[in-house]
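Presented below is the structure to which this report refers.
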Amino acid sequence: MILINIDSLSTTELQYIAQQEGFENWQSLDREELIEELEEAYGEQDDEMLASSLKGKQIRKRFCNSLTDFRGNQQNVNGLPGVEELPEIYAETAIHLLLRDPEWAFAYWSISPATKIQVFGEDDQLGGELFLRISVTDKAKTETKSFDIAIGPHDNQWNINLPTLGKTYSVTLCYKDRKGMEMALAESKELQTYAPYWGDHFDDMAMNPQLFNIHFSSVVTKEGEIVDNAVLQEIAHTLSKGVL
Amino acid sequence: MSKKSVAFILNAHLPYVRHLEYPRFLEEDWLFESISESYLPLLRMFNKLKKEKLSYTFTISLSPTLCCMLTDASLQGRFNAYLELHKELGEKEVLRCQSEQPEFLEMATFYLDSIKQNLIDFNDLYRCNILDGFKSLEASGHLELITTAATHAYLPLYKDYPTAINAQVELGIQSFLTNFGHLPKGFWLPECGYYPGLEETLKSHGISWFQVASQSMLLSPDKVECGDYRPIRCPNGVAAFPRDYQATSLVWSNSSGYPCDRQYREFYRDIGYDLPMDYIKEYIHEPEVRVFTGYKYWAITGNTDQKIPYDRSLAQAKVAAHAANFLYNLKKKGDILSSSMLKDPLYTLGFDAELFGHWWFEGIDWLEQVIRMSANSKEEVTLVTPSSFLVKEGELQTARPAFSSWGQGGYSSVWLDGSNAWTYRHIHKAIERMEELAVRFNDQISLKQRFLNQAAREVLLSMASDWPFILYNKSSTEYAQKRLKDHLRNFNVVYGNMCKNAVNTEWLVKAEKRDIIFPDMDYNIFNPKH
């Protein structure tokens, strides 16, 4: 193991590390010796060996590992070597689906350079097309329908409309070559939406003003402004025909 | 006569901001203003009522990031410096108002006295740690203290990462245990963000209840019987307390809530912006960045820039009227509800604690009046905590709350829109990589352990709901973006180094010095097999 900039640590800090590493002579070593010994210890021992050999000796409870008192820090951490800009995307082929609200989801994806070459060719000579396939499964999981959204080679995120409440959705990042052959590159986890009970039973509420009061009096201000929520407002709109 | 109960839950939370590398740092004022204008005055009010032996119970969620800052010796020192500076400004203001603007003298003196009292309370009473004040009120049965997610992450957007959800919950609870010496019963869901299944993680850590947004009952897939007026039990037994949006809006509506009254103090008119630069320079930020100083002399007046001077006695009369109106509304509504539901209603009200005192100057006086009126007049409205309600009313309907939040639109659109959606690609990747590190390098000691612990801190700090909210809100966006990117870039330092079998020791000690949050962090919390 390499210790980067170990010589920038204070002597107290080096002694602390040596003590933690189980050096019996940590108090008698001077600064140079401490650095040397630590580099040697970390250099010689294989990571896994070190971990497994020490595992039995240390009984550590979670949340009991306190920090030591370090020397001053006047510099901004972010100016240090080793801190780099974030990549725009990551070199992997994956797609993720996040539920924004019951009607919209947000998908983001990345395609690894190797996969890109595989599907598009070195100079894009294969000329295939990318698309998202949205799978919609009903509550009983008996039927799955799907629809496709065409995307460009430089797209990496998309807002997806979810047409129906109470369904399970997933999205697959797909590729279609010139001959029309389709290939799935990555699939997201499923996300589930739920149909509200009162969305299907608004008649009960429409016929019963008391029930209406119990459920709606808390979501409408004294001035009659309903809580900002599209699904709820739709139920209210439907009900208003029967109640108000 | 029906009995109505009301559970006030105040969410005291601020993101972790600590920049000792600067003599003064603008965003640290978020903490100092909150302590000075909300937390200390709230404690004073609660203690006054306790001394008078008035019966009341409130619930307060103190976020782990806030607790960490409140117990940080450096920030405590900087808060004292903040108070001293504002005391000096107050003394200067009293002199200036005496000669130039006598109509503002009463308020200048009032603010100066408050600052002096804050100095006494903070140093002499609490010895710089105001958590002791909350602890003492909890011990006497006046407060129920609860916790929230470790860095106040908006949890529904991390649903696919159960390890990260668990880390946020577990660390939030452990941090509470460290600070208060016992486990919390309740858990404040950041931004009221709930997704079906979240209760499983809460239950596994012994949580009995959490709060949810108002619409989560009406949009439930089940037939909820009492709407938002009774808690429900999730199928796993954990109780969910829905907010009463209507009662909350009496206070929180930015168009018609009590704080909008024209006689209340105007928040946005502050001498930090109004007085000449030469006069105010020493009390704002360098280089000549005007900020709020807390010295505000005007009343809201109306939708005009021609404000009238603030009159505290008029405002106090309004406070009493608004407290009475609030209780009247609850009683009136409760009578109707009790007969329809055949059960007594519970109103759950959730607010940001900083609304009271900081944003709504008279808010703490209003809370005091609500407590006094409900206690003295033996009105039918009783203050309860969710935990005390559960003890008395064990039988609750079992149902499932709907996915919801208290943000605009009622779901996740505030924390996932065009301004902030880009962040999740990086945060999710950091979580995946942190899990990978925790599995590959489990149970390390010494340097590697510290390196990995720091990585876990950086991941958790990047998950805070504050950053996407600020980006969405378009306020302080530069700072939020920098913080988010810095935490992620810092995480990548650990990931990159560990993959090369290296530890960047210089980076480590400096990073630890800067982000000193969660001193008891154990990165193994990110190990899915743990």
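Could you give the length gained on full extension between B:ASN254 and B:ASN129, defined as 0.36 nm per residue of separation minus the Cα-Cα distance, in nm?
Gain on extension, B:ASN254 to B:ASN129, equals 41.7 nm.
Where Rh denotes the Kirkwood radius from the mean inverse Cα pair distance, what is Rg over Rh for segment B:415-526?
0.99
Suppose each label sits 7 Å from its Cα in the direction of the beta carbon; what would the B:THR398-B:ASN236 distance come out to in nanometres?
1.5
Mind jotting down a quarter of the surface of the convex hull over the alpha carbons of chain B, in square nanometres, one decimal?
If I average the Cα hull's projected area over directions, I get 24.7 nm².
Spin-label point model (7 Å from Cα, Cβ direction): what's the B:ASN473 to B:SER2 distance in nm?
Result for the modelled spin labels: 3.6 nm.
If you take every DSSP beta bridge fully contained in chain B, what fraction is antiparallel? Give it as a percent rounded to 5.
Of the beta bridges lying entirely in chain B, close to 20 percent run antiparallel.
Name the residue farthest towards the positive end of the dipole of the protein assembly as shown from the options A:GLN27, B:PHE403, B:PRO276, assuming +1 on Cβ of Lys and Arg, -1 on Cβ of Asp and Glu, about the Cα centre.
B:PHE403
Subtracting the Cα-Cα distance from 0.36 nm times the residue separation, let me have the gained length for B:ALA324 to B:ASN80 in nm, one decimal.
Going from the current span to full extension adds 84.1 nm.
When DSSP beta bridges are limited to those with both residues in the protein assembly as shown, what percentage is antiparallel, rounded to the nearest 5?
55
If the chain between B:GLN101 and B:GLU282 were fully stretched, how many nm would it gain, using 0.36 nm times the residue separation less the Cα-Cα distance?
Gain on extension, B:GLN101 to B:GLU282, equals 63.1 nm.
Can you work out ³J(HN,Hα) from phi for every residue in segment B:82-96, in order, using Karplus 6.51 cos²θ - 1.76 cosθ + 1.60 and θ = phi - 60°, giving whole Hz and x for Gly and Pro?
Taking θ as phi minus 60°, the curve returns 4, 5, 4, 4, 6, 5, 4, 5, x, 5, 5, 5, 4, 5, 5 Hz for segment B:82-96.
Convert 10 °C to kelvin, take the viscosity as 1.306 mPa s, use the Kirkwood radius over C-alpha pairs of segment B:185-312 as Rh, and evaluate the Stokes-Einstein diffusion coefficient in µm²/s, rounded to a whole number.
Rounded to a whole number, D works out at 86 µm²/s.
Amide H neighbours of B:ASP352 under 5 Å, at least 5 residues apart or on other chains, H built in the peptide plane: list them.
B:ASN11
For A:ILE226, enumerate residues with amide H under 5 Å from its amide H, sequence gap 5+ or separate chain, H modeled in the peptide plane.
A:THR221
Residue-wise, which Karplus ³J(HN,Hα) couplings in Hz belong to segment B:106-111, taking 6.51 cos²θ - 1.76 cosθ + 1.60, θ = phi - 60°, and x for glycine or proline?
4, 6, 4, 5, 4, 4
Once every DSSP H run of n ≥ 4 in the protein assembly as shown is given -39500 (n - 2.57) and the sum is divided by its residues, what mean residue ellipticity at 222 nm do you get, rounded to the nearest 500 deg cm²/dmol?
After summing the helix terms and dividing by the residues of the protein assembly as shown, the value is -13000 deg cm²/dmol.
How big is segment A:189-244 by Rg and Dmax over its Cα atoms, in Å?
Rg then Dmax for segment A:189-244, in Å: 12.5, 42.
At 7 Å along the Cα-to-beta-carbon direction for both B:ASP113 and A:LYS189, put a label point, then send me their distance in nm to one decimal.
5.6
Mark the label point 7 Å from the Cα of A:ALA150 along Cα→Cβ and return the residues of segment A:120-135 whose backbone N is within less than 17 Å of it.
A:127-134
Going down the list A:LYS222/B:LYS318; B:LYS307/B:LYS333; B:LYS87/B:LYS307, which pairs span over 30 Å between their C-alpha atoms?
B:LYS307/B:LYS333
Out of segment B:15-70, which trypsin sites (Lys or Arg not before Pro) are coil in DSSP terms and have no more than 13 other C-beta atoms within 10 Å?
Sites meeting the loop and neighbour criteria: B:LYS53.
Can you list residues whose amide H is under 5 Å from B:ASP222's amide H, if they're 5+ apart or on another chain and H is modeled 1.01 Å from N?
For B:ASP222, whose amide H was placed from the backbone, the distant partners under 5 Å are A:TYR197, B:ARG400.
Can you work out the FRET efficiency for the pair B:VAL94 and A:ALA91, with r the C-beta to C-beta distance and R0 = 60 Å, to the nearest 0.05?
The formula returns an efficiency of 0.40 here.
Dipole of segment B:317-424 (Lys/Arg Cβ +1, Asp/Glu Cβ -1, origin at the Cα centre): which of B:TRP366, B:SER339, B:TRP415 lies farthest to the positive side?
Farthest towards the positive end: B:SER339.
Which lysines does A:LYS145 reach when only Cα atoms under 29 Å apart count, and residues fewer than 8 places away in its own chain are ignored?
Once the sequence-local lysines are set aside, what remains near A:LYS145 is A:LYS116, A:LYS167, A:LYS176, A:LYS179, A:LYS189, B:LYS159, B:LYS223.
Give the shape of the protein assembly as shown as rounded, prolate or oblate, defined through the alpha-carbon gyration tensor: a ≥ b ≥ c are the square roots of its eigenvalues, a/c under 1.5 means rounded, and otherwise the shape is prolate if a/b is larger than b/c and oblate if not.
Oblate, since a/c reaches 1.5 and b/c is not below a/b.
Readers should treat all values here as calculations from the given coordinates under stated rules, not as data from a laboratory. Please read these numbers as outputs of a predicted model, since none were measured by experiment. No Cβ is skipped: glycine too gets one built from the backbone with ideal geometry, and neighbour counts run over all protein chains shown.
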